[in-house]
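Data first, discussion second: the structure below is written as structure tokens.
Derivation of every value follows stated rules applied to the coordinates shown; laboratory data play no part. The shown structure was predicted, so the numbers you read here are calculated from the model rather than taken from an experiment. Cβ coordinates were reconstructed from backbone atoms using ideal geometry, including for glycine residues, and neighbour counts include every protein chain displayed.
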Amino acid sequence: MLEYHRKRNEEKKNRGTIPVSDAVEMSQIKILPIILRNKIAAGEVIERPASVVKELIENSIDAGSTDIQIEILYGGKRLIKVSDNGKGMEREDALLCFERYATSKLLTEDDLFNIRTMGFRGEALPSIASVAKVKLVTAPTGTYQGVSVEIQGGEVRAVKDSPSVGTTVEVRDLFFNIPARRKFLKANNTELFHIIDRVTENALSHYEIGFSLVSDNHETLRIPVASSLKERIMQIYGDEFLNGLIEINTEATHIKMNSFVARENNFRNSKAYQFIFINKRPIRDPSIAHAAYSAYEGMLPQKKHPVFFLFLTIDPRTVDFNVHPSKREVRFENKESIYHFVQSSIREALPQAPRSMPYESLSPSVVSEALEFEYKTSLSFIYLGDAFIALSGREGLALIDQHAAHERILYEKFLRGVDINSHRLLFPKQVRLSHKEYRVILQNSSILRDFGIEIDDFGHDTIIVRSLPEVLTEADIRGILSDIASCLIAGVAPDKEVREALAAKIACHQSVRGKTILKQEEVSQLLSDLQDCLHPDNCPHGRPTRIFLSLEDLKKMFKRK
Ligand code: ADP
Ligand code: MG
């Protein structure tokens, strides 16, 4: 058997090089040997350990598995092992599957435009096998007579009988033969985060399958078979998170949507919770994302992002999945009707918000933002709407955006780390996070402590919050932790910038929301605290906190000058 494969390997190397003739010898153009072709394909399909995980999970899904177990070592750099209980492969197929363009998922050209499986390009396994040390163990359902195939850098090393159930693929030492690629891999933890993202995506789109992820011998995710998408979202993110979402089920010709989207008051500071799936395949599509945003028009505060999990089912004949090797992008036959379908489905599920009034900003030539006058406790003021405070002062009129002002004050307090007034909670709060958030929060607990937030590990993706700054006791602590986490995950920035970003996020959560009407003393306090700030004129996001119209300005506006 081994002899046969040695020969095959030889043939494979030579196949594709043109038979010797003088003319050809002189030609500059060469047809690449197979191993090199596979390495080139791997360049597109396999970017990092998470890409291997994604491809192997997709194969297990296509094989009809109901239980998929993933094991990794060193962020997947040393080992990625995916085991399933799917239909397995016959001996012949176990060898064929490493050949380029070998797939059981397409038969005719028509099939390419009617794709109902996750895979179809027949290039994942040969690509992976060309850049790693791979061992495949598989047995067709009900036989137990399996085979194991070992292949290294594209060359078959061993083929043996190996009784087994389902399919297991072990991928060791990714990019062992491409140092340039290996160099670009990030820290183990970062690679693990990418893997968690891929597993999470597949777990979301396949609630009928159980998943587990073990990283460096620790159980990282355990997601048993669920009976609905709703249950699956709860398994991954917890009840509290689910309560902030509305379920939407809509249908039109050739299109169906089952989705969970943010309620009208549940927005985030990042796009970490936005997922779009077409026929169970996670994709990126700016147009569909835009449709979702536009459904929140008039309710979405600036720089906030809605949560959405959109699962669209479309007739596969009207969508082209064969756009990019990683199958992340798609092309639709009728993009516009999908846009409108998504937009109106979400919009109709949300309570009709009063559309915000168009607001024309005052021309800066007549507005002076410098404001220097004493605020007294007796200062008279009025509210304009429920967000702005207007007061007359020395020689003019001051307008304060109370939310922006509060944000500035808190932001500076958090940065200075004084006056935070952290309190031990009588009843510590349990906060369930996604696994990725949970890890990054625990790793950075000391920064949180500086901000007056004391936490402990409670296991199972849950954090116990023991102390909080007084100003945060009423705030949405889950939202705060998850914002902080996404900031830390994204943040390769130097320490100082990370701290500033965190302080801004926290400040933003607690500050007086538009609707709170302050009392006389509170307004005075707000104004004098603002006056004490280092940069009192802007909130941490750069919006103005106060605008001053001097008598001079007013005269100009009334054309008295
Ligand atoms: P594709 O998925 O695009 O067909 P792959 O290279 O990923 O290409 O896999 C090649 C073939 O190997 C698949 O078409 C399938 O028949 C078989 N295969 C791969 N993984 C599994 C698995 N876990 N269980 C059963 N068959 C598999
Ligand atoms: Mg595949």
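A simple spin-label model places the labels of residue 26 and residue 315 5.7 nm from each other, with each point 7 Å out along Cα-to-Cβ. Using only the Cα atoms of the stretch 26-130, build the gyration tensor, take square roots of its eigenvalues as a ≥ b ≥ c, and label the shape rounded, prolate or oblate: rounded if a/c is under 1.5, else prolate if a/b is larger than b/c, else oblate. Oblate is the answer for the stretch 26-130, as a/c is 1.5 or above yet b/c matches or exceeds a/b. For the chain, the 222 nm mean residue ellipticity estimated from helices alone, with every DSSP H stretch of n ≥ 4 adding -39500 (n - 2.57) and the total spread over all residues, rounds to -10500 deg cm²/dmol. Once the Cα atoms are used to define both axes, helix 34-45 deviates from the longest principal axis of the chain by about 20 degrees. Annotation: the residues 125, 36, 391, sorted from fewest to most other C-beta atoms within 10 Å of their own C-beta, follow the order 36, 391, 125.
On the beta carbon distance between residue 532 and residue 462, with R0 = 45 Å, the FRET formula returns roughly 0.70.
Using 0.36 nm per residue and subtracting the Cα-Cα separation, the extra length available between residue 395 and residue 247 on full extension is 47.9 nm. Each of 331, 560 was scored by other Cβ atoms within 10 Å of its Cβ. Arranged with the fewest first, they read 560, 331.
For the chain, the longest principal axis of the alpha carbon atoms and the long axis of helix 188-205 meet at an angle near 90°. Measure nothing but the geometry: give the 0 to 90° angle between the long axis through the Cα atoms of 402-416 and the longest principal axis through the Cα atoms of the chain, rounded to 10°. Result, in degrees: 70.
Distance check, please: which entries in 413/556; 230/280; 105/230; 429/519; 77/429; 87/327 exceed 26 angstrom between their Cα atoms? Pairs exceeding 26 Å: 413/556; 105/230; 429/519; 77/429. Within the same chain, lysines fewer than 8 places from residue 559 are excluded, and of the rest, none has a Cα less than 23 Å from its Cα.
Between amide H atoms placed 1.01 Å from N, distances below 5 Å from residue 423 occur with 468, 470, all of them 5 or more places distant or on a separate chain. The modelled label-to-label distance for the pair residue 36/residue 225, using points 7 Å beyond Cα in the direction of Cβ, is 4.9 nm.
When both the stretch 207-267 and the stretch 130-167 are represented by their alpha-carbon centers, they are found 34 Å apart. Taking 0.36 nm per residue of sequence separation and removing the Cα-Cα distance, the residue 90/residue 143 pair yields an extension gain of 18.1 nm.
On full extension, the segment bounded by residue 347 and residue 184 gains 54.4 nm, given 0.36 nm per residue less the C-alpha separation.
On the beta carbon distance between residue 263 and residue 157, with R0 = 56 Å, the FRET formula returns roughly 0.50.
The order of 293, 237, 101, going from fewest to most other C-beta atoms within 10 Å of their C-beta, is 101, 293, 237.
Working note: Karplus 6.51/-1.76/1.60 with θ = phi - 60° gives the stretch 304-312 the couplings 10, 10, x, 8, 8, 10, 10, 10, 9 Hz, where Gly and Pro are set to x. Please work out the Cα center distance from the stretch 396-424 to the stretch 92-119, rounded to the nearest Å. If you average the Cα positions of each part, the centres end up 60 Å apart.
The label point for residue 558 and the one for residue 214, both projected 7 Å from the Cα toward the Cβ, are 8.0 nm apart.
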